[in-house]
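A short worksheet on the structure shown next.
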Amino acid sequence: MPTILITGASSGLGAEMARQFAAKGHDLALAARRLDRLEELRAEILAAHPATRVEVRELDVTDDDAVFEVVHAFAEDFGALDRVIVNAGLGKGARLGTGKYYANRQTAMTNFVAAIAQAEAAMEVFRAQKRGHLVFISSIVAMRGMPKSMAVYAATKAGVANLAEGLRSEMQATPDLDIRISTIYPGYIRSELNEHVENALFMVDTETGVRAIVDAIENEKADARVPTWPWWPLGTVARYAPLGVIRRFF
């Protein structure tokens, strides 16, 4: 079974992905800022799946040097990395022009610039191996520009999706490399990023939502809006609906 590296694995979608991939028999390389949380997660996974190998490392994805060091160290630990999931993200944000540039900048640096660093590091490993599966966790809000405090967050997730698509186009034209690129667009899935949101339309629990993410990743889908219902049709609506509709429903 593939060895999977997951960033942002100490909580939320990343931690639940680790649990579900471990249940499928995958070995795991887990990275996040909160090492204590990773240690707890490793103990939980090993208690449930003793045959699974789980390695953990502290990582702040906005530290470029650390990103390259950690990704290459994991590759050395396991001898290879079969899949890297660019998952670490931040849900901060504020209306532009309201004096909270710091929050929007931090969101942009964590969600987009750091994703570039993770992709660079992963692709170095994959090019050397001549194979690999790189997964970007975007968001359903990447389909359109979002208003108010969601503006920068949605823009970063759109940037991640475009980065993935450009890389996918390159890899499709590079037959000597077996490197596959997936973009996952989660809909509203309960996690620490959105625990303050109440009564969001179509919100599903973490386990259910992540099961859809994991299935899409395991099937190596190029693009997946998850859960498929209702987010595949709603994602299409979001692409073409008037802005008034976007303001009302997203």
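Every read-out reported here was derived from the displayed coordinates using simple, explicitly stated rules and does not represent laboratory data. In this text the structure is predicted, and so the values were computed from the model without any measurement. Here the Cβ is made from the backbone with ideal geometry for all residues, glycine too, and neighbour counts use every protein chain on show.
A few points about this structure:
- Nonlocal amide H pairs with VAL54, under 5 Å, H built at 1.01 Å: LEU28
- Spin-label pair ILE116-GLN172: with each label point 7 Å from Cα along the Cα-Cβ axis, the two points sit 2.4 nm from one another.
- Counting charges near MET146 (Lys, Arg +1; Asp, Glu -1) among other residues having Cβ under 10 Å from its Cβ returns a value of +4.
- Residue-span extension gain [ARG239 to ASN162] - 0.36 nm each, minus C-alpha spacing: 26.3 nm
- Of the GluC sites (Glu not before Pro) in the stretch 9-112, those whose Cβ has at most 10 other Cβ within 10 Å and which sit in DSSP loop: none
- Check: the stretch 75-220 dipole with +1 on Lys, Arg Cβ and -1 on Asp, Glu Cβ, in debye: 760
- Size descriptors for the stretch 111-250: radius of gyration and Dmax over Cα atoms are 15.7, 49 Å.
- Hz values of 3J(HN,Hα) by residue in the stretch 115-129 - Karplus curve (6.51, -1.76, 1.60), Gly and Pro given as x: 5, 4, 4, 5, 5, 4, 5, 5, 5, 4, 5, 5, 5, 5, 7
- Cross-link partners for LYS157 among the aspartates and glutamates, with Cα-Cα distance under 16 Å and sequence neighbours closer than 8 places in the same chain left out: GLU165, ASP223.
- Calculated log₁₀ intensity ratio I(q)/I(0) where the Debye formula runs over C-alpha points of the stretch 3-63, q = 0.15, 0.24, 0.25, 0.28 Å⁻¹: -0.35, -0.88, -0.96, -1.19
- Computed from backbone phi, the HN-Hα couplings of the stretch 142-153 come to 6, 5, 8, x, 10, x, 6, 6, 8, 4, 6, 4 Hz, rounded to whole numbers (Karplus: 6.51 cos²θ - 1.76 cosθ + 1.60, θ = phi - 60°; Gly and Pro given as x).
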